[in-house]
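Data block below; observations after.
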Amino acid sequence: MSSSAERFFRPIFEGCQELNALSRATCAGNGGAEGSARCRQARLDLGDCVMSTICPKQYDRLVQCLQRNPTQQHKCEPDMKGVMECAEAQFGKILGPLEEKMLKVQEVAMGPCLSQYQHIDSCASMPEGSTKKQACLEVAKEPFVSCFAKYLSPTVHREYELCISRHGLGSPSCLPIIQRMNEDLENHATKALGFSESFIAKYGGLQKVGEIYGEVGKSLTEIAGSQ
């Protein structure tokens, strides 16, 4: 039995994944940029796809109204409001339980890995996309992943410890093991949030879910602002 989180995200991944990728690429500067007309349009297209997926009845009513009133779209404002309220309610319904589960996953980090977690957290508050933030994360990530893995992925962690004892901390020789620790941790966290192994194998883990969730949120904000 799939979780409510998986039932919510699966149709979005199935129906809107290409538009999500296009929106992310366009707004990152590939033919457009944040705030450009192309970025706005890409986000509006993604938002349309998501709303038609999670609120089909309300979305159909809106489309029918717009077709009846091509030159008087203001008449469809109540239907647009209905779609947005539905979308917000659907996201709100799924977000609360997800946040609770995420806190439980983080409890492991907050205990024995607190200092490493705080270092990662201090990097996260830096400006998005800055070289300083990137450098901070590069230094902070390996000790955090190592500590977390010690409790959640002990077999791979033992391989990692053996590798750094041979080659030294930060050695390129240990990168494949660090990558495996990262994947193990992401899979563990994604499963803890209620996603099945088949979902993770097909669509990816927590990072991919976070990417589509973040982009969809921006799309809905764009749609609300365009009304």
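The values are calculated or read from the model by the stated rules, or taken from the named source; none is laboratory data. Computed from a prediction, not measured in an experiment: that's the story for all the values here. Methodologically, a virtual Cβ is constructed for each residue, glycine included, from the backbone with ideal geometry; neighbour enumeration extends over all protein chains shown. Keep in mind that these areas ignore ligands, DNA and RNA; they rest on the heavy atoms of the full protein, side chains included. Shrake-Rupley method; radii C 1.70, N 1.55, O 1.52, S 1.80 Å.
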Among (1) in contact with a helix residue (DSSP H, G or I) (Cβ under 7 Å, 6 or more places away or on another chain); (2) modelled with pLDDT under 85; (3) part of a helix (DSSP H, G or I); (4) loosely packed, with under 14 Cβ neighbours inside 10 Å - the single one residue 98 does not satisfy
(4)
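Quick grid of which residues meet (1) in contact (Cβ under 8 Å) with a residue 24 or more places away in the chain; (2) surrounded by fewer than 17 Cβ atoms within 10 Å (Cβ to Cβ); (3) at positive phi:
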site: 176; (1), (2), (3): no, yes, no
site: 179; (1), (2), (3): no, yes, no
site: 183; (1), (2), (3): no, yes, no
site: 205; (1), (2), (3): no, no, no
site: 216; (1), (2), (3): yes, no, no
Could you please give the count of residues in the stretch 47-77 that are within 24 Å of residue 14 (Cβ to Cβ) and assigned to a helix (DSSP H, G or I)?
16
Tell me whether the stretch 163-173 contains one or more residues that are among the polar types (S, T, N, Q) and closer than 30 Å to residue 194 by Cβ.
no
When the stretch 218-227 is examined, which residues are found to be open to solvent by 10 Å² or more (accessible area, probe 1.4 Å) and touching a residue at least 60 places away in the same chain (Cβ under 8 Å)?
218, 220, 222, 224, 226, 227
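Being open to solvent by less than 70 Å² (accessible area, probe 1.4 Å) and modelled with pLDDT under 85 narrows it down to one of 135, 149, so name that one.
The match here is 149.
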Any residue that is touching a residue at least 40 places away in the same chain (Cβ under 8 Å), assigned to a helix (DSSP H, G or I), of a type outside the set (D, E, K, R) and surrounded by fewer than 17 Cβ atoms within 10 Å (Cβ to Cβ) - is there at least one of those in the stretch 78-87?
no
For the stretch 2-13, check the following and say yes or no: at least one residue is among the polar types (S, T, N, Q) and crowded, with 19+ Cβ neighbours inside 10 Å.
no
Test residue 155 against the criterion of being crowded, with 19+ Cβ neighbours inside 10 Å, in a helix (DSSP H, G or I) and modelled with pLDDT under 90, and give yes or no.
no
